[in-house]
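Reading through the C-alpha cells given below for one structure.
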Amino acid sequence: MDFEYKQKTNAERAKVEDLFDYEGCKVGRGTYGHVYKGKRKNRLNTDGREYALKQIEGTGISMSACREIALLRELKHPNVISLQKVFLSHTDRKVWLLFDYAEHDLWHIIKFHRSAKANKKQIDVPKNMVKSLLFQILDGIHYLHANWVLHRDLKPANILVMGEGEERGRVKIADMGFARLFNSPLKPLADLDPVVVTFWYRAPELLLGARHYTKAIDIWAIGCIFAELLTYEPIFHCRQEDIKTSNPYHHDQLDRIFNVMGFPQDKDWEDIRKMPEHGTLTKDFKRSNYVNCNLVKYMEKHKVKPDSKQFHLLQKLLTMDPTKRITSELAMKDPYFLEDPLPSQDVFEGKNIPYPKREFLTDDDDDKADTGASKAGGADQSSGHNQPPAKRVRVMPPSTAQNWYPYKNQHIHNVQAQQALQFSSSNIQTSTSSTYTSRF
Ligand code: AMP
C-alpha cells in the first residue's frame, strides 16, 4: 500500500483510546472478551453518556466476523442491545465493539433478591416488575426470531437492564450472536474450565441430542428465566462439576428437569422417540422415579399459585415438546399481560432502583472469572459454539407501520417492533456467507 495513503488513513482512523476513557473500568469478562465501562473523553463528553466497550479476545478479524458484525449493526430494537460502532486497532490488531451501557443485569438482580430473601430483608420493587421484564424479553426475542436470528445462549447474565437515564428500566438482550460471531471461538469450549459451563437454561431436546437450534430453544430458556424471577432460584439448578463434556447428553441436567417437570408422557412428546439420545434416555431413566413430580408442585413450594395467569404462561413456555412450546409472538398476547397491573417500559416504574451499580473488576477478579467464580452463580457459560451454526439472513430496513403494546397508559408506535411483526420472507435476503449452512 502507498506509504502516504497508509499514514493518512491511520491518522484519520478513530481510535478507541483517543475517544474513550475506560482504563481501570472493567465491568465484565465473557467468553469472547473483556467489557469496560467507557465515557467519551472530556470535550467529547457533552451528555455524560456511558458506553460498554468490548475488547474481543485475541487479535485480528475474520471474514465471517465482519459479516456478523454487519448483521449486529443492522439489528435495531429497543429491547436488543445496540452495537454503536466497531473499532479496529491496527497497532495491536484488536477489535473493539461499542455498545450502550446497561447498569444492571438479571443475574445481579436475582442475586440481590436471593440474598435479601435469605436475610429476611424486604425489597421495595413494583408489583409488575417481573411481568415488565418478561414482556420486554419476549419483545426483543420476537424481533430477533422474526428476523431469523436465534440467540442460543439466553440466561440471566445476558439480560441487561438500563439504569438511570433516557432508557431507564429498559431490558436489553445482549450477547446475541457471539457464540456464532466467529467461525471457531477465540476460546474453545475445551479450553475453558468445565466449571464455567452451565446447562441450566438448555432445552430438553438439546440435552437429548437435537442437532439444530430452533426458536423453541430460546423460548425454553425464557421459561427458565421467568421461573427464576418468580422464585429467585434457578429452576433447573444442577451440580456443575459433572458438566465436563461437549456431549450434549447430560444425565444430571435431565434428571433435574424431570424432578421438577415429571417424566414426559408419550402423548405429551411423541417425537421424543426420534431424539438421537432416546436410547440412552430409556436405558438411564425410569418413569416411575418421577411420578410425584410436576411443575404445579414445584411452583406451589415457591408460593406461585397454579391457577394464576403467570403460572399458566410459565407452563406454556416450559413445555417439553418443542413443537408444542409457545412462540414469542403468542406469549406476548397471553392473558397474563392483559391483566392488571400491566407491564411498563421502565421496569422500575419510576421508583428508586435498589440494586447496586456494577463494580469494577481487578485482574484478580479476572482470574476468578477464568475459573467461573464470578458469574452466573459460579457458572458462566459459553455454550453453543460446539454446536452447528444457524443460517443467517440480512435484516431489511424497517416498515413504517404501527404497533400497539399493552404497556401501561400508552400506545407505543414502534417501528422496529412492527418491522419484526410484519416481516415476511420476501423481506429477507439470505446471507451469502459460505460459513452459514441452512438450519431452517
Ligand atoms: P459478555 O461478553 O457480553 O457476556 O459480557 C460479559 C459481562 O460484561 C456481562 O455479564 C455483563 O456483566 C457485562 N456487560 C456486557 N455487555 C454490557 C453492556 N452493554 N453494559 C454493561 N455491562 C455489560
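Conditions tested, residue by residue: (1) within 25 Å of the chain's Cα centre (by Cα); (2) of a type in the set (Asp, Glu).
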position: Leu230; (1), (2): yes, no
position: Pro248; (1), (2): yes, no
position: Arg256; (1), (2): yes, no
position: Pro264; (1), (2): no, no
position: Phe285; (1), (2): no, no
position: Asn289; (1), (2): no, no
position: Lys297; (1), (2): no, no
position: Glu300; (1), (2): no, yes
position: His312; (1), (2): yes, no
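Which one of these does Ala102 not meet: (1) buried (at least 20 other Cβ atoms within 10 Å of the Cβ); (2) away from the ligand (no atom under 16 Å from the Cβ); (3) part of a loop (DSSP other than H, G, I, E, B)?
Going through (1) buried (at least 20 other Cβ atoms within 10 Å of the Cβ); (2) away from the ligand (no atom under 16 Å from the Cβ); (3) part of a loop (DSSP other than H, G, I, E, B) one by one, Ala102 breaks only (2).
Residue-wise test of (1) closer than 20 Å to His302 by Cα; (2) at pLDDT 95 or above; (3) buried (at least 20 other Cβ atoms within 10 Å of the Cβ).
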{"position": "Trp220", "(1), (2), (3)": "yes, yes, yes"}
{"position": "Ile235", "(1), (2), (3)": "yes, yes, yes"}
{"position": "Thr245", "(1), (2), (3)": "no, no, no"}
{"position": "Asp271", "(1), (2), (3)": "no, yes, no"}
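Test of understanding: among Gly28, Gly48, which residue is part of a strand (DSSP E or B) and within 30 Å of Gln136 (Cβ to Cβ)?
Answer to the selection: Gly28.
Anything in the stretch 1-51 that is away from the ligand (no atom under 16 Å from the Cβ) and open to solvent by less than 30 Å² (accessible area, probe 1.4 Å)? List them, or say none.
The answer is none; no residue qualifies.
Anything in the stretch 105-149 that is within 16 Å of the ligand (Cβ to nearest atom), of a type outside the set (A, V, I, L, M) and assigned to a helix (DSSP H, G or I)? List them, or say none.
Trp107, His108, Lys111, Phe112, Gln136, Gly140 - these are the residues of the stretch 105-149 that are within 16 Å of the ligand (Cβ to nearest atom), of a type outside the set (A, V, I, L, M) and assigned to a helix (DSSP H, G or I).
Matching residues to (1) at pLDDT 95 or above; (2) polar (S, T, N, Q); (3) under 25 Å from His104 (Cβ atoms):
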| residue | (1), (2), (3) |
| --- | --- |
| Met299 | yes, no, no |
| Ser308 | yes, yes, no |
| Glu349 | yes, no, yes |
| Asn352 | yes, yes, yes |
| Lys357 | yes, no, yes |
| Lys375 | no, no, yes |
| Ser383 | no, yes, yes |
| Asn386 | no, yes, no |
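Condition first: open to solvent by less than 30 Å² (accessible area, probe 1.4 Å), closer than 15 Å to Pro78 by Cα and among the small types (Gly, Ala, Ser). Can you find one or more residues in the stretch 113-130 that meet it?
Taking every residue of the stretch 113-130 in turn, none turns out to be open to solvent by less than 30 Å² (accessible area, probe 1.4 Å), closer than 15 Å to Pro78 by Cα and among the small types (Gly, Ala, Ser).
Can you find even one residue in the stretch 70-85 that is within 16 Å of the ligand (Cβ to nearest atom) and more than 25 Å from Ala221 (Cβ to Cβ)?
Scanning the stretch 70-85, I find at least one residue that is within 16 Å of the ligand (Cβ to nearest atom) and more than 25 Å from Ala221 (Cβ to Cβ), so the answer is yes.
Would you point out which residue out of Met320, Met275 is at pLDDT 95 or above and either open to solvent by 50 Å² or more (accessible area, probe 1.4 Å) or more than 27 Å from Gly140 (Cα to Cα) (or both)?
Criteria check complete, one pass: Met275.
Go through the stretch 205-219 and give me each residue that's farther than 15 Å from Ile159 by Cβ and in a helix (DSSP H, G or I). Break it down into steps so the answer makes sense when it comes.
The first filter runs over the stretch 205-219 and keeps only residues farther than 15 Å from Ile159 by Cβ, leaving 205-217.
Selection gives Glu205, Leu206, Leu207, Lys215, Ala216, Ile217.
The values are calculated or read from the model by the stated rules, or taken from the named source; none is laboratory data. The model shown is predicted, which means the values in this text are computed figures rather than measured ones. So basically every Cβ, Gly included, is an ideal-geometry build from the backbone, and we count neighbours across all protein chains shown. Ligands, DNA and RNA are stripped out before the accessible areas are found, and what is left, the full protein with its side chains, is counted by its heavy atoms. Shrake-Rupley method; radii C 1.70, N 1.55, O 1.52, S 1.80 Å.
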